[in-house]
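Down below is the structure, laid out as structure tokens.
The values are calculated or read from the model by the stated rules, or taken from the named source; none is laboratory data. From a predicted model like this one, the values you see are computed outputs, not experimental measurements. Cβ coordinates were reconstructed from backbone atoms using ideal geometry, including for glycine residues, and neighbour counts include every protein chain displayed. Accessible surface areas use protein heavy atoms only, side chains included; no ligands, DNA or RNA. Shrake-Rupley method; radii C 1.70, N 1.55, O 1.52, S 1.80 Å.
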Amino acid sequence: MSLPNYVGIYDDIRPKRTISDMIGRLELMAKSNVPKMPRFLVSENTFGLCDVLEDRACSYFTLMRDPYERIVSSYQFCKYQLDDPLCCATDARYLSVKEWALHQGSYFFRQLQFNTKEICSPEAYRELVRPRMDRVSYKGRDVNKPPCWYRHKIVLDSMEDNEKETILEYMLSNLDTWFTVVGVTEQFNDFLRLLEHTYGLPFHSECAGHAAMETEYSTWLHGRTRADLMRLRKEELQGDKDVLKALYYDVKIYEKIKEIFQRQKEQLEIEGKWK
């Protein structure tokens, strides 16, 4: 047995292949009962897709990274991958790591609110996003083509803090019902074991300890270990009040994800199924 192929729902530089188009095609495939429907759909744009897949069996799983480490990693990544959708809303080469953290903010918190098919459509851009662009001093290459995640950020950042807090509490109360399996990157192999047990597919057997999961950022280490550089950057961010406010929602979700992850493992141990 091997893992099935997956389809990624990502921003595409080709103008006639938008995220909205891709989701629309999946919706048509589901309604037409196409036998070769993809078994795995991957990306930050997939939460909510179960709602459009009609009566097909559908569930979510997610792996979350420490929010501070995610910021450091994406900051370094985006200095060298300028055209990636994650990177192209500004230029990381000319920002400090703090400025990058404020730019990205609580990314996962927004993911759980994404209405990708609607917000990433050309119509929504014209009506909801473009009128707000001048207020945010957009620094991407093309003001008419901001990445989908940034469009969501512009819309969602207009909420008041009390509204965000209400949404956060709702999320924290529902994470364990929305996601069949959750995990954290620092316990990646245990996450794979949970996936393998839950879905009956060789996630752990094929992927545990894989070298590709342990790559070093050799282009920016400059003689330091990755762990040392991550620790220094992380300490810098954790000591900053502005960054704490920007990442507050993701930090709270991360803490809850760790709690659920531990509970899932303990339940399998009680049942004698944790091997």
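A few points about this structure:
- Filtered by the rule that a residue be closer than 19 Å to Met159 by Cβ, in contact (Cβ under 8 Å) with a residue 60 or more places away in the chain and open to solvent by 60 Å² or more (accessible area, probe 1.4 Å), segment 119-147 gives no residues.
- Looking across Ser73, Ser59, one residue alone is touching a Ser or Thr at 6+ places or on another chain (Cβ under 6 Å), within 27 Å of Leu41 (Cβ to Cβ) and open to solvent by less than 60 Å² (accessible area, probe 1.4 Å). It is Ser59.
- Candidates are the residues of segment 28-43 that are crowded, with 16+ Cβ neighbours inside 10 Å and over 19 Å from the mean Cα position of the chain (by Cα); the one that is modelled with the highest pLDDT is Met29.
- Subset tally (residues that are part of a helix (DSSP H, G or I) and open to solvent by 30 Å² or more (accessible area, probe 1.4 Å)) for segment 225-241: 11
- Residue pairs whose Cβ atoms lie under 6 Å apart, separated by 6 or more positions or on different chains, with the first residue in segment 242-263 and touching a residue at least 40 places away in the same chain (Cβ under 8 Å) and in a helix (DSSP H, G or I) and the second crowded, with 17+ Cβ neighbours inside 10 Å and of a type in the set (Gly, Ala, Ser), are Val243/Ala101; Ala246/Ala101; Ala246/Gly105; Leu247/Ser106; Tyr249/Ser106; Asp250/Ser106; Phe261/Gly183.
- Within segment 44-56, tally of residues that are open to solvent by 30 Å² or more (accessible area, probe 1.4 Å), at pLDDT below 80 and within 13 Å of the chain's Cα centre (by Cα): 1
- The residues of segment 154-173 that are modelled with pLDDT of 90 or more and surrounded by 13 or more Cβ atoms within 10 Å (Cβ to Cβ), listed by number, are Lys164, Glu165, Ile167, Leu168, Met171, Leu172.
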